[in-house]
Amino acid sequence: MRVLVVEDDPTISVPLREGLEREGFSVEVAATGAAALAAEPADLVLLDLGLPDLEGRVVCQRLRERGEVPIIVVTARGDELDRVMLLELGADDYVVKPFGFRELVARMRAVLRRTSPRDRATTADTVDLGALQIDRRTRGVIFAGAAVTLTPKEYDLLLRLAADAGAVLGREQLMQDVWDEHWWGSTKTLDVHVASLRKKLRPEVIETVRSVGYRLVPEVAAAP
């Protein structure tokens, strides 16, 4: 499993590389955003925001545009705005310095489990609710006959809701399933992603169940 560590501070990158290699990972270190974008494809990216040449958000966005590589952002800034914005850009998780090495490895393994092709292959290739169609193989979404462009997390959230259409899924359950069991931040990011899905699909497709969570309404999803 190949990990790209994007970090310009050698006092962090060197021990981090040594620790990850002891855990069985193959590690490449990039000290700049340009080096990260020029690096060979990796199975997971640990991305520091404070880079000397490019904004970490820009690097995150460009890496996400290239494909579905899992991205965990590492930063000294931990405010809610940063977390929500980075998840919107396509980051899969977020840790704040200083962080515990064991926690970081646990988060990495959780992200890799969620994005493993072997895990996705054990489920049906498509979810077809009529007007709403989701292709797991291509991560494509069609609603009312038109293709819908979603961020990675929007897609994961929609798929989780659609896979159990009609059922009420609790907020904590959705955070655990779509983000991971180690998520420590506010659940506000869930509301942000639901609001975005409603705009891109139809507001009534996802119903809010007060004090509980959300459900995908199958009758609405099936309507043309």
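Throughout, read-outs are computed from the coordinates displayed, never taken from laboratory work. A quick note: this is a predicted structure, and the numbers were derived from the prediction, not measured. Quick reminder, even Gly has a Cβ in these numbers, built from the backbone with ideal geometry, and neighbours come from all protein chains shown.
So for segment 2-118, what are the equivalent ellipsoid semi-axes in whole Å, largest first, each being the square root of 5 times an eigenvalue of the Cα gyration tensor? Spell out each step's value before the answer.
Working: eigenvalues 64, 54, 47 Å².
Calculated on Cα positions only, the semi-axes equal 18, 16, 15 Å.
Between Val168 and Asp43, what's the calculated FRET efficiency when r is the beta-carbon distance and R0 is 35 Å? Round to 0.05. Display every interim value, and only then the final one.
Working: r = 35 Å, r/R0 = 1.00.
Plugging the Cβ-Cβ distance into 1/(1 + (r/R0)^6) gives 0.50.
Among the lysines, which fall within straight-line cross-link reach of Lys199, defined as a Cα-Cα distance under 23 Å, with same-chain neighbours fewer than 8 residues apart omitted?
Lys153, Lys188
Taking N as the number of residues in segment 123-222, what is its Cα Rg relative to 2.2 N^0.38 Å? Walk me through the intermediate numbers first.
Values: Rg = 12.7 Å, N = 100, 2.2 N^0.38 = 12.7 Å.
Here the answer is 1.00, to two decimals.
Give me Rg over Rh for the chain, both radii from the alpha carbons and Rh done the Kirkwood way, two decimal places.
0.99
Charges at C-beta only: +1 for Lys and Arg, -1 for Asp and Glu. How large is the resulting dipole of the chain about its Cα centre, in Debye rounded to 20?
Details: 30 positive and 36 negative charges, 100 e Å.
Value, rounded to 20: 480 debye.
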